[in-house]
Amino acid sequence: MSINKKQSSPKLASQAAKALQNENSSEIKKKLAASVVAQASTGKQTGAELETIASDVMKSSKYSEETKRYAASLLSQSNKSR
């Protein structure tokens, strides 16, 4: 497996942390946000299940731009060999 050298930006991780604290955030938004925060300062990379969710979010028009930013960040940090 390749090593992930990409990380979520501090600004995006801060926004994601706020989304996690917001009781009005959707379950999908919170799931993506949690991964963004986890990847802010570690070598963790996006798992296969979350890659699929993030991809589906990017293809859909029902999600907010903020949710799509989280999805895009996670996809950019995914395992390229999958």
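The values are calculated or read from the model by the stated rules, or taken from the named source; none is laboratory data. This is a predicted model, so every value here is computed, not measured. In case anyone asks, the SASA skips ligands and DNA or RNA and just uses the protein heavy atoms, side chains included. Shrake-Rupley method; radii C 1.70, N 1.55, O 1.52, S 1.80 Å.
When shorter helices are ignored and each DSSP H run of at least 4 residues is given -39500 (n - 2.57), the per-residue value for the chain at 222 nm works out to -18000 deg cm²/dmol. For SER78, the residues whose amide H sits under 5 Å from its own are THR46, ignoring neighbours fewer than 5 places away on the same chain, with H placed 1.01 Å from N.
Here LYS18 is the anchor, and the aspartates and glutamates within straight C-alpha reach of less than 18 Å, apart from those fewer than 8 places off in the same chain, are GLU27, GLU65, GLU66.
What the chain shows is 62 Å² of accessible area per residue, with the surface traced by a 1.4 Å probe over protein heavy atoms. Taking N as the residue count of the range 27-82, its C-alpha radius of gyration divided by 2.2 N^0.38 Å amounts to 1.02. Ligands, DNA and RNA left out, the accessible area of the chain computed with a 1.4 Å probe is 52% carbon and sulfur. Between the amide H of ALA40 and those of SER8, distances stay under 5 Å, these residues lying 5 or more places away or on another chain, with hydrogens modeled in the peptide plane.
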